[in-house]
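Trainee: I am attaching a structure below and will ask some questions about it afterwards.
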Number of protein chains: 2
Amino acid sequence: MAEPLYYEDLEVGSIRRFGHYQVTREEVLDFARKYDAQPFHLSDEGAAATHFGRLAASGWHTCSMTMAMMVEHAAVEPRSSLGALGIDELRWLKPVYPGDVLSCEMALLDKRRSRSKPGLGILNLRMTTFNQHGEAVLAMKPITLVRARES
Amino acid sequence: MAEPLYYEDLEVGSIRRFGHYQVTREEVLDFARKYDAQPFHLSDEGAAATHFGRLAASGWHTCSMTMAMMVEHAAVEPRSSLGALGIDELRWLKPVYPGDVLSCEMALLDKRRSRSKPGLGILNLRMTTFNQHGEAVLAMKPITLVRARES
């Protein structure tokens, strides 16, 4: 594995595109039964009378699939990440359906050193998740922690 | 099941407390392996050198467990819900560990009718998830859709 990127190595304005996540009916149902058992996430019939039209993935499932793509990307370009503090402006823009293929784009909007913990940096990211038609299905602004090379 | 609550029935300022979610080691690992395979979500050893200290649940898992409590509560007090547009100000405030027992609080901060779809209402909620010590582990402001009784 490559040497991980530290706070100092990360360039504001940089953009990465990555990921290829096949959304399956089985996984959509499995996630919904465990965590989001609303009718439109459980069957085509339950979604028919809603704006979803047919079985659609839980929005939390879309977030989780996006996270999986980020973790997979981190194997290619590792960062010394320590998780996230939170997310701003999370928006589910379009339904995600079984059969969709997701990919994503990560942009580094801003970075700063932690005041309380000088060995850490705080990153403001913009994540966008797309379907196979190039339509954005999810947008969000994660705030994440990364180790600094020097404190 | 009770008659669902519609837009007109929901009172701004109302607060509900509910949920009892046992966080198990197996489920923390299962979720992390699928969606968030970072070292601190996979083993105590991988978390030891981080601020987590020991194996901690993925933040997306905490969101998903909170959603599961919301859906369970909806069986007691059903709403004519149509999913969420997004989330503002999501913050993971404390780690969630195997053995924790989660509960949550939902407050209706504001509501308005959709301009584009008069049969729908838009709710601004504040969700807070607590552990068994009464510490808030997750806070967020979902923006959700609900059917109106009259359009």
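The values are calculated or read from the model by the stated rules, or taken from the named source; none is laboratory data. Nothing here was measured: the structure is a model prediction, and the numbers come from that model. Virtual Cβ from ideal backbone geometry, glycine too; neighbours counted across all protein chains shown.
Trainee: State yes or no: is B:LYS34 basic (Lys, Arg), over 28 Å from A:VAL137 (Cα atoms) and modelled with pLDDT of 95 or more?
Mentor: No.
Trainee: Taking interchain pairs and intrachain pairs at least six residues apart, which have beta carbon atoms under 8 angstrom, with the first residue in the range A:32-43 and more than 7 Å from chain B (Cβ to nearest Cβ) and small (Gly, Ala, Ser) and the second crowded, with 22+ Cβ neighbours inside 10 Å and in a helix (DSSP H, G or I)?
Mentor: Hits for this filter: A:ALA32/A:HIS41; A:ALA32/A:HIS61.
Trainee: Taking only the range A:66-98 into account, find how many residues are within 8 Å of another protein chain (Cβ to nearest Cβ) and either of a type in the set (S, T, N, Q) or not in a helix (DSSP H, G or I) (or both).
Mentor: Qualifying residue count, the range A:66-98: 12.
Trainee: May I ask you to list the residues in the range A:17-61 that are part of a strand (DSSP E or B), buried (at least 17 other Cβ atoms within 10 Å of the Cβ) and of a type in the set (Phe, Trp, Tyr)?
Mentor: A:TYR21
Trainee: Right, here's the next one. Right, B:ALA32: more than 30 Å from B:LEU120 (Cα to Cα) and out of contact with any strand residue (DSSP E or B) (no Cβ under 8 Å at 6 or more places or on another chain) or not?
Mentor: yes
Trainee: If you check A:CYS63 against the conditions, is it within 11 Å of the chain's Cα centre (by Cα) and more than 9 Å from chain B (Cβ to nearest Cβ)?
Mentor: When the stated conditions are applied, A:CYS63 does not pass them.
Trainee: A further question on this structure: Can you tell me how many residues in the range B:100-150 are in contact with a strand residue (DSSP E or B) (Cβ under 8 Å, 6 or more places away or on another chain), without any contact (Cβ under 8 Å) to a residue 40 or more places away in the chain and either loosely packed, with under 15 Cβ neighbours inside 10 Å or in a strand (DSSP E or B) (or both)?
Mentor: The total comes to 9.
Trainee: Please determine, by comparing only the residues of the range B:46-70 that are without any contact (Cβ under 8 Å) to a residue 24 or more places away in the chain and in contact with a helix residue (DSSP H, G or I) (Cβ under 8 Å, 6 or more places away or on another chain), which one is nearest to B:LEU90 (Cα to Cα).
Mentor: Once the filter is applied, the top-ranked residue is B:MET67.
Trainee: Continuing with this model, one more query. Can you pull out the residues in the range B:109-143 that are at pLDDT 95 or above and either touching a Gly at 6+ places or on another chain (Cβ under 7 Å) or among the charged types (D, E, K, R) (or both)? Quick ask: steps written out before the conclusion?
Mentor: From the range B:109-143, those at pLDDT 95 or above are B:109-113, B:121-143; that's our starting set.
Across the range B:109-143, the qualifying residues are B:ASP110, B:LYS111, B:ARG112, B:ARG113, B:ARG126, B:GLU135, B:LYS141, B:ILE143.
Trainee: Same structure, new question: Name the residues in the range B:11-31 that are without any contact (Cβ under 8 Å) to a residue 60 or more places away in the chain and either touching a helix residue (DSSP H, G or I) at 6+ places or on another chain (Cβ under 7 Å) or more than 22 Å from A:PHE31 (Cα to Cα) (or both), would you?
Mentor: Selection gives B:PHE31 alone.
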